[in-house]
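Below is one structure; the comments refer to it alone.
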Amino acid sequence: MDAVRSFLRHPSGMVGLVVLLIVVIVAIVAPVAFPVSPWEMVSAPFTPPGEDGLLLGGDTLGRDVAAGVAYGARVSLVIGIASAMAAMVIGVTIGAISGYFGGKVDLVLMRMTELFQTIPAFVLAILLVATFNPSLLTIILTIGAVSWPPLARLTRAEFLRLRNREFVEAALCQGEGTLRIVLGHILPNAISPILVVTSLTVATAILLESALSFMGLGDPNLMSWGFMIGAGRTVIRNAWWMSVFPGLAILITVLAINLFGEGLSDVLNPRVSRRRS
Amino acid sequence: MIRLGNAATIGLMALSRIAQLIAVILLIATFNFVLVRAAPGDPAQVMAGQSGASDPKLLEDLRKEYGLDKPYVVQLASYLGRVVKLDLGYSYRQRRPVADLVLERLPATLLLTVTAFCLALLIGTTLGALAGLAAGTVLDTVFTVLSLVLYATPVFWLGLMLVLVFSVTLGWLPPFGYETINVKLSPIERALDVAKHLIMPVTSLAAIYLAIYARLMRSSIIEVAQQDFIKTARAKGLTGPSIVFGHMLRNALVPVVTVAGMQAGALVGGAVVIETVFAWPGLGRLTFDALLQRDYPVLLGIFLILSIVVIVLNLLTDLIYKLIDPRMTTGAA
Amino acid sequence: MNRREFTQAMLAAGAALPLGITRAAGQTRGGTLNTIIQPEPPLLVTAFNQQQPTLTLGGKIYESLLKYGADLKPMPGMAQSWEISPDGLTYTFKLFPNITFHDGKPMTSEDVVFSCMKVLTETHPRARQNFARVASAEAPDPLTVVFKLKQPFAPFLGCFDCTSAPIVPKHIYEGTDFRKNPLNDKAIGTGPFKLKEWVRGSHVHLVRHEGYYLKDQPYLDEIIYRIIPDSASRALALENGTVQLVQWADIEFFDVQRFKAQKNLEVTTKGYEYFAPHQWLEMNNRIAPMNDKRFRQAVMHLIDRDALAKRVYFGSAKVATGPISSKTKFYDGKVKRYDYSIEKAKALLDEMGLKPDANGKRAEIKYVVPPYGESYQRAGEFFRQSFARVGIDLVLVGTDMAGWAEKVGNWDYEMTQNLLYQLGDPALGVARTYVSSNIKKGILFSNTQGYSNPEVDKLFDEAAVTLDEARRQELYSRVQQILVEDVPVAWTLELEYPIIYDKAFKNVVSTGIGSHETFGAVYKS
């Protein structure tokens, strides 16, 4: 529990954690704080902040921006975490196979990874979402599908580093199976940098989701921050609050995750941390 | 291993990379084709739909015109054959050769991305180096916080906020477009006019990369400063600027250049959003429009061109890498 | 056609001449009109592409034989007069003399026959249907065109606006692959303006056609269509005077009110009479519960269409009463009215047995959001909230243009929104949505919802070939009553797109074609 204690002493990491917790709480209590659906038209169009009981104002249809921001936290967190998980599963699988087996397998997988890195991630994401129509699931899978290469490379590097360690060879001598060695011995030793990069992937996933929604490629049934900014873009002259507040929400959340992730990194693996940042 | 001269090593490497490049391009072409064609939606339907009226004959004509009635394999083969000949095909919707469409949009995108890239690299590394050299001071903290905030800012939102402040509120900068059209301007005035339109898009696009490069440069400088050869140089009596410029910067730039090369693709991705916000007439908008309209040949053409651009940038980065980091040359051969 | 109408047609034709002369008096030559084209058209040849931006721009370049007033009555275009034989089978048009194409070659009746019968029947779906009714088209002399119909077709005289029958040069297209003709880039027509330059992604520059056949026209020197993809930027461009004219959806509906207050600008909703954009919530009649008339009637009750017009379209719309727009001929408002009533909607749903479950939910229906811009998205969100009030979950499905076209065209949808033009006559723009002969899989803007009623078919068919206007009115009134009772689609609004222009420009909106018009008569004071 040394790690926990030193994290508690990590100032920026703690700031990140606290802010993140606030965002999580907002996400959880959204239905209680705003019992009326964020889609419900509750006021006149373009109600300025503070008027008509709307703290952050109303949008084009008279919907509560504050409710939207609160519900948007749920969407952003769910999509951010789920797609980072998806990216981790893909990336770790490919990186582990590549790093453990090496040789031709490694060569082919790394070429494939490069190929994926060649196409601009955002353009690929647009293409994938549009291809399979935007919904919660397709967005998560898409963001996962364009975010895994860095995780694959990291995992591969860790596996290359650990593959020839004594404890792996000892396990090999005892006749343990490949899967067992990979999951039971190598992965646990490689897990902390992977977790750190995954946590940072949550932040980029949130940014990616917001950009997709902004471009009109979000799930139309979900009130997300990117969607709100997109809806506010054309009316920025009439209603600045429609785009300013959701944008601030993204900024604060992403910043908090980054601070948290870096704090985690400093505490868990100073070596990787210094190299990366 | 025979130790080759620097130039020869680089030459060999470039050759093998070019061979790889061609293979990768064909692979990407195939990948693109499969991906784009996996999409639901019939381009003939879209074209017919946009006409506000439709009938079977129109659909049949359109499918025949664009070879959509042939099997996929035949379409793929003819596509690859044309790619080899550098013929990017013909746009369904715009009824023009794809190469023309891409080429006329490319300059605006290059202007935007290259300017943003250079600015981000220049300012980012400068700020990062300053922060790194002044590590631990207030200046360092300010830079660090600023870069963290920029790094967390959605590109499109930053663009909107700039519009809100500098166009809507202050009225200083044009909120959209590439240039003021239909006014007769001298070449210099025109350049200034374009530059004025360029400020906000470039700033929005550059911000996040500026933050990344600054952070990288900062930690890189700190790391390099602790390395033995700097300590040796200091021990030899070298001081101040000669250490900073001769040794530290050169070495500290290595990871920044690596990352910058890898991010060329991401920069182009960012351009898609920024061009939407600022109505910038570049490739990014063309991509998005083509996507919504399922204009396959244009999409395939853009992806191919972007992929080539990114691969070439990666290759260039490798070369620069070799040039600024002499330690790498022997190892590479 | 009876004697009275025949005389009317001749009068209409003759009336234009003195009008043209009086108009010429106070008008000044010169000036530039800056306007917007959005989105950028793929090409300018209206014969090959009928998207709205293509028509707006192409309308200046390509002309047809007739124009139509706000009352949809024909007016001279390139034809200075016309005659219809008493049996309604022979249409004889007399062209203005000295009409030239932009390349200097004369435009004659040969070009008209070639365009209508060879080019448009090949490339233009709407025109294809219209000219399929022609038995023969002849050019007895360079200024005379004679169409002989197979059987009477009441709206035939309504088929010659610049969007339905643009005239292209025979000497350029004869014997070529029309769509791939390299001269398509030059866009050679007979209109008052010709293409000077098209900088893709930036602007299209039109300049006056010096050889235009109407004296002194065009008055303007040039028109510049700027391509501004972003709507906020378009609004700003209008506000600061960068552009002096906007049309269709250039300005988002919420901004329209703002411009009414700007003194130098004129905001009008006139100029869309020919198109009369008619919008509805489309329901696939083949699928339960939409296959039940009571469900569809409930939908009419549960949408607060006044609120829809106010909130989503910011007042730029009028509640539709039925299949025919109040701006179109043969409209009849004396039909069953569906007021906004959650109670009536619930009662109808209960009656048909679609009862709420324990959670108050009656059904879940997928709604495909048409990918044509923000107001469609907002309308979808509005509908979702409306349906929620009676316990129906409307799940919005986002898609791109290809996906939407495919889903709707192939009947693979439950609900969506659709918008069709009325095209000046119910036989041209309305019947296509409801007659069972137009249930054609894979074809957009057909009877995609799959409504079929033999009586409706018969009424529409008879009305199309009946020449007596009073009799046509009877038939169309009957059809409106039946359709409004059956609710094949839930008509929501008649959209009233604005045309906003700088008051320094005169004659901007002079016909029912509005901004698609040639603009030869537009001048700057």
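Summary of computed values
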item	result
Inter-chain shielding of A:216-223 (mean C-beta neighbours from other protein chains, 10 Å cut-off)	5
Student exercise, the protein assembly as shown dipole from Lys, Arg, Asp, Glu Cβ charges, in Debye to nearest 20	1740
Total lysine pairs whose alpha carbons fall under 22 Å of each other in the range C:338-434 (8 or more apart, or interchain)	7
Amide N of the range C:283-308 lying under 15 Å from the label point, which is placed 7 angstrom from the Cα of C:GLU485 along Cα→Cβ	C:293-294, C:297
Percent of Cα-Cα distances greater than 45 Å, calculated over the protein assembly as shown	40
Cα centroid separation, the range A:142-175 to the range A:209-260 (Å)	36
For the range A:1-155, the Rg and Dmax computed from alpha carbons only, in angstrom	21.1, 67
Cα shape, the range C:52-169, gyration tensor, a/c 1.5 rule	rounded
Partner chain coverage, peptide C:389-401 - average Cβ within 10 angstrom	5
Counted charge near A:ALA67, where neighbours are those whose Cβ lies closer than 12 Å (Asp, Glu -1; Lys, Arg +1)	-1
Inter-probe distance in nm under a simple model that places probes 7 Å from Cα toward Cβ, at C:ASP350 and B:LEU323	8.2
Neighbour-count ranking [beta-carbon atoms within 10 angstrom, fewest first] of C:HIS124, B:HIS247	B:HIS247, C:HIS124
Straight-distance crosslink candidates among lysines, where the alpha carbon sits under 17 Å from C:LYS310 and sequence neighbours closer than 8 are dropped	C:LYS260, C:LYS318
Peptides A:25-32, C:501-508 ordered by average Cβ neighbours within 10 Å, highest first	C:501-508, A:25-32
Candidates A:PHE116, A:PHE260, A:PHE227, ranked by Gaussian network fluctuation over chain A, Cα under 10 Å, top entry	A:PHE116
Cα shape, the range A:70-276, gyration tensor, a/c 1.5 rule	prolate
Volume of the Cα convex hull of the range C:463-504, divided per residue and given in Å³	144
Spatially proximal aspartates and glutamates relative to C:LYS524 (Cα-Cα < 20 Å; intrachain offsets below 8 disregarded)	C:GLU210, C:ASP216, C:ASP221, C:GLU222, C:GLU239, C:GLU266, C:ASP502
Ratio Rg/Rh, restricted to chain C and using Cα atoms, in which Rh is the Kirkwood radius	0.97
Counted charge near B:GLU104, where neighbours are those whose Cβ lies closer than 10 Å (Asp, Glu -1; Lys, Arg +1)	+2
Spatial separation of Cα centroids for the range B:69-111 and the range C:322-389, in angstrom	44
Principal semi-axes in Å for the range C:331-389 [√(5λ), Cα gyration tensor, largest first]	24, 21, 9
Computed helical MRE - 222 nm, chain C, DSSP H runs ≥ 4 contributing -39500 (n - 2.57), nearest 500	-8500 deg cm²/dmol
Local electrostatic count, A:ALA203, Cβ distance below 12 Å [Lys/Arg +1, Asp/Glu -1]	-2
Shielding by other protein chains, C:224-231, mean Cβ within 10 Å	5
Exposure proxy order (Cβ contacts within 10 Å, fewest to most) of B:SER307, C:SER436	C:SER436, B:SER307
Residue order, fewest to most beta carbons within 10 Å, for B:SER78, C:SER233, B:SER167, C:SER525	C:SER525, B:SER78, B:SER167, C:SER233
Cα gyration tensor shape for the range C:91-145, rounded if a/c is under 1.5, else prolate or oblate	oblate
For the range C:340-437, alpha-carbon Rg over 2.2 N^0.38 Å	1.27
Rounded D (µm²/s) - the range C:404-494, Kirkwood Rh over Cα pairs, Stokes-Einstein at 37 °C, 0.692 mPa s	239
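A short reminder: the numbers here are calculations on the coordinates, not readings from a lab. Computed from a predicted structure; not experimentally measured. Note: ideal-geometry Cβ built from the backbone for every residue, glycine included; neighbour counts use all protein chains shown.
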